[in-house]
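The values are calculated or read from the model by the stated rules, or taken from the named source; none is laboratory data. Treat the numbers as computed from the prediction; the structure is a model and nothing was measured. Don't worry about glycine lacking a Cβ; one is built from the backbone with ideal geometry, like all the others, and counts go over all protein chains shown. Note: accessible area is taken over every heavy atom of the protein model, side chains too, but ligands, DNA and RNA are not part of it. Shrake-Rupley method; radii C 1.70, N 1.55, O 1.52, S 1.80 Å.
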Amino acid sequence: MTDSTEPGASKRRTFLKRAAVAAAVPAAATLLGSGLPGTAFADGSPEFPDYAPIPSASVGPALNEDGYFVGRIKGNLYWVTDSYYQAMFLTTREGVVLVDAPPTIGHNLLRAIDKVTRANGMPGKVTRLVYSHSHADHIGASSIFGKDVIRIGHSETRRLLRIDADPNRPAPTETFGDRYVLRVGGERLELAYHGPNHSPDNIFIYAPDHATLMVVDVLYPGWVPFKNLAVSQDIPAWIKAHDVAMDYPWTTLVGGHLGRLGVRADGELQKEYIADLETSTRRAMESLDPTPYFQKYGPSGNSWAIFKTYLDAVAEEAARPVVAKYTGTLAAADVFTVDNAFTMLESLRIDSGVLGPFSIRP
C-alpha cells in the first residue's frame, strides 16, 4: 500500500488530517458504555460564535493521527469514519467486501482495512466493492481499488455512472434490479432497492448476521439532515424511506455521514423531526400573509422577488419552533433547519399541491 503520488496529494492529506482532528476535538473524551461500538461522548463542547454547541451524544469516536477511526460493529463487520463520511466492510476468508469509498477517507480505507485484517488474520485485499448509490462524495475513491475489484450496484447506478464517465467512479460490473444477496467467504449482505429516495438509485445494504443496516443520506444519527433535506431528489420518497429503514430489524445503523453509528432511537428521533418540520411548514404557509410581498414588489413587476421574499419568510417562520425544540438534542438544528424547511415547503407546493397564495385563482 502506497500513498498517491498525484501532485498536491500530500497537501490535501495534510489538510484533511488537520480538518479531521479539528472535527474530533470534542470526541477526545474517554469512551463510555453507550451500547454503540466505537462511540464517544464528549465531556463538553467548546463555545462557538455562530452556532449552538454540539450535543455530547452526537459526537463520534476520536480519530487517530492519520485522521480516521476504524472499529468493529460485530463479528467480521467493521466501519470507518473521518467524522464527515462513513464506509463499512466485511472481512472474509475470500477477501474484503467494502461498501462505499468516500474520497475524504480515501487511502485511509486501505490503512483501516490493513490494520483490521492484520489483526484478525483475514486476507486484506478488497475483492468486492458495493456502491450505495452513484454520488461522487460516497464512491469517488473507488478507483484506488484498481480494475480487478468486482463492483456491485443497482442497474440505475450503472446507467448514471456511464453518463458521468468519471474515471474515479467506474461503473458496476454486476448489477441488480430489486434484490441481490452477496455471499462471500461465509458472510452475506442483502442489497435491496425500494425505489428512488435521496437519489434515483440509492439502495439499502443489510447484514442480517450482524443486525446492521447501511443506508446513506437518509438517517443522520445525532444530527439534523444535511442541507435541503439531504439535497434529495424525491422528497416524498425520501421521507417514506425513513419507514422502510425502520422496518428492517437492525440494531446498528451506518448512515454514511458524520462521526458515529446509529441506534433505533436515532431513527425515531429523525422521524419526529421531519414530522414536526412538515407540520410547522404547513402552519406557516396558512398563517403568513403574502400581501406585503405582493405590494412591495408587484408594482415593479419583479415576480421572482415576490416568490423569494414570501417563501423565505415562510421557511424562517416554519423553522423557528423546530429549531427551538431540537437545539441541544440534534446537532446543527440551528444550522440547516431553515434550509430544510424551505425544501419541505417546495415539496408541499410541488408534490402535494399545497400552493398557498399561488393556488387556483378564484
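Mind listing just one residue for me: the one in segment 317-334 that is farther than 15 Å from GLU272 by Cβ and touching a strand residue (DSSP E or B) at 6+ places or on another chain (Cβ under 9 Å) and, of those, least open to solvent (accessible area, probe 1.4 Å)?
Once the filter is applied, the top-ranked residue is ALA331.
Quick one: is VAL244 in a helix (DSSP H, G or I), over 24 Å from the mean Cα position of the chain (by Cα) and at pLDDT 95 or above?
Answer is no for this residue.
Which members of segment 192-222 meet the condition of being of a type outside the set (A, V, I, L, M) and either assigned to a strand (DSSP E or B) or at pLDDT below 95 (or both)?
Hits for segment 192-222 are PHE204, TYR206, THR212.
Return the residue satisfying two criteria in turn: it lies in segment 335-362 and is farther than 23 Å from ASN197 by Cβ and among the hydrophobic types (A, V, I, L, M, F, W, C), and of such residues it is most open to solvent (accessible area, probe 1.4 Å).
Just the residues of segment 335-362 that are farther than 23 Å from ASN197 by Cβ, to begin with: 355-362.
Then keep just the ones that are among the hydrophobic types (A, V, I, L, M, F, W, C); that gives 355, 358, 360.
On the way: LEU355: 58, PHE358: 44, ILE360: 156 Å².
In this case the residue turns out to be ILE360.
The rows are residues; the columns are (1) in contact (Cβ under 8 Å) with a residue 60 or more places away in the chain; (2) within 26 Å of GLN86 (Cβ to Cβ); (3) under 30 Å from the mean Cα position of the chain (by Cα).
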| residue | (1), (2), (3) |
| --- | --- |
| TRP250 | no, yes, yes |
| LEU269 | yes, yes, yes |
| GLU286 | yes, no, no |
| ASP289 | no, no, no |
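When you go through (1) in a loop (DSSP other than H, G, I, E, B); (2) within 30 Å of TYR84 (Cα to Cα); (3) touching a residue at least 60 places away in the same chain (Cβ under 8 Å) one by one for SER352, which number turns out not to apply?
That leaves (2) as the condition not met.
Mind listing just one residue for me: the one in segment 249-288 that is small (Gly, Ala, Ser) and assigned to a helix (DSSP H, G or I) and, of those, surrounded by the most Cβ atoms within 10 Å (Cβ to Cβ)?
Taking segment 249-288 and keeping what is small (Gly, Ala, Ser), we get 255-256, 259, 262, 265, 267, 275, 280, 284, 287.
Imposing the further condition that a residue be assigned to a helix (DSSP H, G or I) reduces the set to 265, 267, 275, 280, 284, 287.
On the way: ALA265: 10, GLY267: 23, ALA275: 12, SER280: 21, ALA284: 21, SER287: 10.
Filtering segment 249-288 for residues that are small (Gly, Ala, Ser) and assigned to a helix (DSSP H, G or I), the one surrounded by the most Cβ atoms within 10 Å (Cβ to Cβ) comes out as GLY267.
Which of the residues spanning segment 173-191 are over 22 Å from SER134 (Cα atoms) and part of a loop (DSSP other than H, G, I, E, B)?
GLY185, GLY186
With the structure loaded, tell me whether GLY140 is open to solvent by 10 Å² or more (accessible area, probe 1.4 Å), at pLDDT 95 or above, farther than 20 Å from LEU77 by Cβ and within 18 Å of the chain's Cα centre (by Cα) or whether it fails that test.
Details: open to solvent by 10 Å² or more (accessible area, probe 1.4 Å): yes; at pLDDT 95 or above: yes; farther than 20 Å from LEU77 by Cβ: yes; within 18 Å of the chain's Cα centre (by Cα): yes.
Here the answer is yes, as GLY140 does meet what is asked.
Inspect all residues belonging to segment 352-360 and state whether any of them is touching a helix residue (DSSP H, G or I) at 6+ places or on another chain (Cβ under 6 Å) and modelled with pLDDT of 95 or more.
Narrowing segment 352-360 to residues touching a helix residue (DSSP H, G or I) at 6+ places or on another chain (Cβ under 6 Å): 354-356.
Subsequent filtering for residues that are modelled with pLDDT of 95 or more retains none.
For segment 352-360, residues touching a helix residue (DSSP H, G or I) at 6+ places or on another chain (Cβ under 6 Å) and modelled with pLDDT of 95 or more: absent.
Select from segment 130-167 the residues that are outside any helix (DSSP H, G or I) and of a type in the set (A, V, I, L, M) and list them in ascending order.
To start, the set of residues in segment 130-167 that are outside any helix (DSSP H, G or I) comprises 130-135, 140-141, 146-154, 165-167.
Passing the criteria: VAL130, ALA141, VAL149, ILE150, ILE152, ALA165.
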